[in-house]
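Here is the structure we will look at.
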Amino acid sequence: MATAAFEEIAETFEFLDDWEERYRHVIELGKAMPAMDDAVKVPATKVDGCASQVWILPQVDGQVFDFQGDSDAIIVRGLVAVLHALYGGLQVRDVLAVDAAAELGRLGLDEHLSSQRSNGVRAMVERIRDLAREHART
């Protein structure tokens, strides 16, 4: 289960010839993401387990899950944008049903990220899932 925004990223990756172009595309996705206000870059929104600083602020309207995200590292900011495409706009219950490893695997990220970056992506996914779980209970 993937959003149309994520499917668009997957399709773009199919047309890009090499990983340098794909990395550039991920960076461009991050640059295109709205900036997160420094006032909400606080310990409560910080994601533990990432080598870079990463913040995720949930925004749930009814049962529709969305979030703002940011990072101090440009490639990680792009990875936040990819995760936003994967999860943003889903129903809270559907966030928990997404097989992030399989969906991100379609992009080949698991094969081309350093182990440190891969661990960071897993930490971001877990944070998103935890936030969705919290909102599913309300």
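For the chain, the relative contact order works out to 29 percent when only alpha carbon pairs closer than 8 Å and six or more residues apart are counted. Highest mean packing first, where packing is the average number of other Cβ atoms within 10 Å per residue, the peptides 105-115, 71-81 line up as 71-81, 105-115. Helices of the chain meeting both criteria, an alpha-carbon length of 15 angstrom or more along the long axis and an average Kyte-Doolittle score not below -0.5, with helices taken as full DSSP H segments, are 4-15, 74-87.
Label zone (ASP37, point 7 Å along Cα-to-C-beta; backbone nitrogen cut-off 11 Å) within region 116-138: none. Peptides 27-38, 55-66 ordered by packing proxy, namely the average of other Cβ atoms within 10 Å per residue, highest first: 55-66, 27-38. Rounded to two decimals, the Cα-based Rg/Rh of region 99-138, with Kirkwood Rh, is 1.09.
Can you give the FRET efficiency for ARG137 and LYS46, using 1/(1 + (r/R0)^6), R0 = 30 Å, r = Cβ-Cβ distance, to the nearest 0.05? Efficiency at R0 = 30 Å is approximately 0.85.
A straight line joining the Cα centroids of region 35-59 and region 101-134 runs 16 Å. In order along region 59-70, phi translates into HN-Hα couplings of 9, 10, 10, x, 10, 8, 8, 8, 7, 9, x, 7 Hz, rounded to whole numbers, per the Karplus curve 6.51 cos²θ - 1.76 cosθ + 1.60 with θ = phi - 60° and x for Gly and Pro. Full extension of the segment from PHE15 to ASP110, taken as 0.36 nm per residue of separation minus the current Cα-Cα distance, would add 32.4 nm. Can you work out D for region 3-138 in µm² s⁻¹ from Stokes-Einstein, where Rh is the Kirkwood radius over C-alpha pairs, the temperature is 10 °C and the viscosity is 1.306 mPa s? Once the numbers are plugged in, D ends up at 106 µm²/s.
FYI, it's all coordinate maths here, none of it is from the lab. Bear in mind the structure is a predicted one, so any value in this text is a computation, not a measurement. Virtual Cβ from ideal backbone geometry, glycine too; neighbours counted across all protein chains shown.
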